[in-house]
Amino acid sequence: MCFDDDSAPPIPPISGAAVSHEDLVLDAPDGNRFGAFLAIPEEELGAGVVILPDVRGLYRFYEELALRFAERGIVALAFDYFGRSAGLEKRPNDWDYMPLVQQLTMEQVQTDVGTCASRT
């Protein structure tokens with residue numbers, strides 16, 4: 001998906017929706033520690049979603065997307081692919097992500113998605 005750095009998800013916020021959120025550090029079974037953003041609705045529908053960001057990893061657009069899901073009653077967790085290689089800190093939108101994308105394996109992503117799914 002292509003969009004500008006200051007874009008927001010194409011889902012309008014629900015005014016007055018009761019949602020809590022928090023930044024997390026999750027521990028995968030393979031020892032990886034990675035950052036995530038969890039959004040929880042006040043009234044859950046019993047559904048959850050794991051949000052896989054684009055190649056830039058976790059940043060504000062995906063946190064906002066998680067909030068939009070939660071406003072609609074769905075627990076949402078967006079995570080960062082780059083805990084193994086770039087650490088836990090948040091990065092600017094214009095960071096050099098491609099060298100780290102090339103190091104990432106499908107097995108690592110699947111392990112991290114499984115860890116996220118167990119939280120939603």
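The values are calculated or read from the model by the stated rules, or taken from the named source; none is laboratory data. Computed from a prediction, not measured in an experiment: that's the story for all the values here. Because the Cβ atoms are built from the backbone with ideal geometry, glycine has one as well, and the counts that use them run over all protein chains shown. Side chains included, ligands, DNA and RNA excluded: accessible areas come from the protein's heavy atoms. Shrake-Rupley method; radii C 1.70, N 1.55, O 1.52, S 1.80 Å.
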When the chain is modelled as a GNM with alpha-carbon springs shorter than 10 Å, which of 65, 24, 38 fluctuates the most? 24
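Counting only heavy atoms of protein chains, what accessible area per residue, in Å², does the chain have with a probe of 1.4 Å?
For the chain, the solvent-accessible area averages 55 Å² per residue.
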Take the solvent-accessible surface of the protein heavy atoms, probe 1.4 Å, and return the percent of it on the chain that carbon and sulfur atoms account for. 53
What number comes out for the charge environment of residue 37, summing +1 per Lys or Arg and -1 per Asp or Glu over other residues with Cβ under 9 Å away? -4
Pick the calculated Kirkwood radius over Cα pairs in Å for this structure from (i) 15.1; (ii) 13.9; (iii) 14.7? (iii)
Calculate how steeply helix 106-117 sits against the longest principal axis of the alpha-carbon atoms of the chain, using the helix alpha-carbon long axis, and give the answer as 0 to 90 degrees to the nearest 10. 30
